[in-house]
Amino acid sequence: PTVSGPWCKACNPPRCHYSRSVAVREVELARMRWWHVPPVLALEHELFPEESWSAAAFWNELAESGTRHYVVAQLDDDLVGYAGLAVFGDEAHVLTIGVTGTVQRGGIGTLLLRDLLAAAGPRRVLLDVRVDNHVAQRLYERHGFVTVGRRRRYYQPSGTDALVMARE
């Protein structure tokens, strides 16, 4: 499928293939807007049922337009992913990234992460990831992140630990 937005350098012209597609479909990345909040919340509840962000959390993040970068991934007419980044001086923090289960492991998470990294520029980038989310950890490692710490019982209410990962 043709991909709009950031893509891997190996894909020239910008064309990426993902395993979960039956037909060729276009993935578009767009800046997250207020009208994306309801479908993002639905996806948030699908992915993180006990630890979902609230609508108010997303509204607050979108209001911080000077220090935040939020993007959505749309496949055909469906919102299938989203991601957010906060920038603080010479550091940036990946705050959230999620892709619906039907297209996971199809390259959309990579597109979203690359968009965030492009927005971060030369800054050091940090993120928190669940210790039991090995798929996400491998994605981050492929993009130069290394584990630099651990936050005990970070995710609530489950009490799951988080690994702190950084990319210089």
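The values are calculated or read from the model by the stated rules, or taken from the named source; none is laboratory data. Given the structure is predicted, the values throughout are model-derived calculations rather than measurements. A quick note on method: Cβ atoms are made from the backbone with ideal geometry, for glycine too, and the neighbour counts reach across all protein chains shown. The protein model used for the area step is the full one, side chains on, heavy atoms only, and it has no ligands, DNA or RNA in it. Shrake-Rupley method; radii C 1.70, N 1.55, O 1.52, S 1.80 Å.
Measuring r between the beta carbons of Arg138 and Asp90 and using R0 = 22 Å, the FRET efficiency lands at 0.25. Look at the alpha carbon pairs under 8 Å that are at least 6 residues apart: their mean separation over the length of the chain gives a relative contact order of 19 percent. A convex hull fitted around the alpha carbon atoms of the range 20-94 yields 111 Å³ per residue. First compute the accessible area of the chain with a 1.4 Å probe, then give the percent of it belonging to carbon and sulfur atoms. So the carbon and sulfur contribution to the accessible surface is 51 percent. Along the charge dipole of the chain, pointing to its positive end and built from +1/-1 on Cβ of Lys, Arg, Asp and Glu, which listed residue (Ala83, Asn133, Trp35) has its Cα farthest out? With unit charges placed on the Cβ atoms, the residue in question is Asn133. For the range 35-122, the solvent-accessible area works out to 45 Å² per residue, with a probe of 1.4 Å and every protein chain left in place. In this calculation the C-beta distance from Val146 to Glu51 is compared with R0 = 25 Å, giving a FRET efficiency of 0.55.
For the range 54-105, the Kirkwood estimate of the hydrodynamic radius, built from every pair of different alpha carbons, is 12.1 Å. Translational diffusion coefficient of the chain (Stokes-Einstein, Kirkwood radius from Cα pairs, 25 °C, 0.890 mPa s): 150 µm²/s. Relative contact order for the range 63-122: 29 percent, from Cα pairs under 8 Å spaced at least 6 residues apart, divided by residue count.
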